[in-house]
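To start, the structure itself, in structure tokens.
The values are calculated or read from the model by the stated rules, or taken from the named source; none is laboratory data. Just so it is clear, the model here is predicted, and its values are computed rather than measured. Methodologically, a virtual Cβ is constructed for each residue, glycine included, from the backbone with ideal geometry; neighbour enumeration extends over all protein chains shown.
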Amino acid sequence: MEQEGITKAEWEIMRVIWTQHSSTSREIGELLKDKLAWQPSTVKTLLNRLVEKDFLQTEKVGKSFIYTAKISEEDSTQLMSHEVSQKLCAKKIPQLLAYLIAENDLTLGDIINLQEQLENKKAEAVTAIACNCVKRGDACQC
């Protein structure tokens, strides 16, 4: 599924819809009002963008529109991870992973899962990571 990335504000909307499973613009506005103080028009604009980007579908029920996700939170996380990895030099990915591990809370189960993933990855380990930067002379500092 190839989709245009979404903004930080759009992520806020998606997180509400994933939690609620479906929602109206009014419900989303109410849930986010203390955190973001958005006007109803802002919520509707963001919802329309997410529909255009094919992240949401909408159904008219009476006078309201009900919004539901067309993509799961897990699939969105994978898309975001792919997008981030495409923006960085391949040599910087291990540094990003180390940063994410250091800066975020993890359960013991999360840590065990990460250890298993790393153990499995050993079989595919390379001797060096190839730089994937666009080079112009000696511009790349990897």
Query raised in the report: How many residues does segment 17-30 hold that are over 23 Å from G5 (Cβ atoms) and either in a helix (DSSP H, G or I) or touching a His at 6+ places or on another chain (Cβ under 8 Å) (or both)?
Result: 4
**Report entry** Number of the condition not met by E27 [criteria: (1) surrounded by 13 or more Cβ atoms within 10 Å (Cβ to Cβ); (2) under 20 Å from the mean Cα position of the chain (by Cα)]
**Finding:** (2)
Requested in this report: Please enumerate the residues belonging to segment 44-62 that are of a type outside the set (S, T, N, Q), within 19 Å of the chain's Cα centre (by Cα) and not in a loop (DSSP other than H, G, I, E, B).
Outcome: L46, L47, R49, L50, V51, E52, L56
Query raised in the report: Which one is surrounded by the most Cβ atoms within 10 Å (Cβ to Cβ), of the residues in segment 63-72 that are of a type outside the set (G, A, S) and part of a strand (DSSP E or B)?
Result: Y67
Query raised in the report: So, in segment 115-142, of the ones that are modelled with pLDDT of 95 or more and surrounded by 10 or more Cβ atoms within 10 Å (Cβ to Cβ), which residue ends up nearest to L88 (Cα to Cα)?
Result: L118
Report summary line: Considering residues that are within 16 Å of R15 (Cα to Cα) and either surrounded by 12 or more Cβ atoms within 10 Å (Cβ to Cβ) or in the same structural domain as L46 (by TED's automatic domain parsing) (or both), the number found within segment 73-112 is 6
Report task. Just name the residue that is modelled with the lowest pLDDT out of those in segment 34-59 that are surrounded by fewer than 13 Cβ atoms within 10 Å (Cβ to Cβ) and of a type in the set (D, E, K, R). Result -> D34
Query raised in the report: Counting only residues that are assigned to a helix (DSSP H, G or I) and of a type in the set (G, A, S), how many does segment 1-16 have?
Result: 1
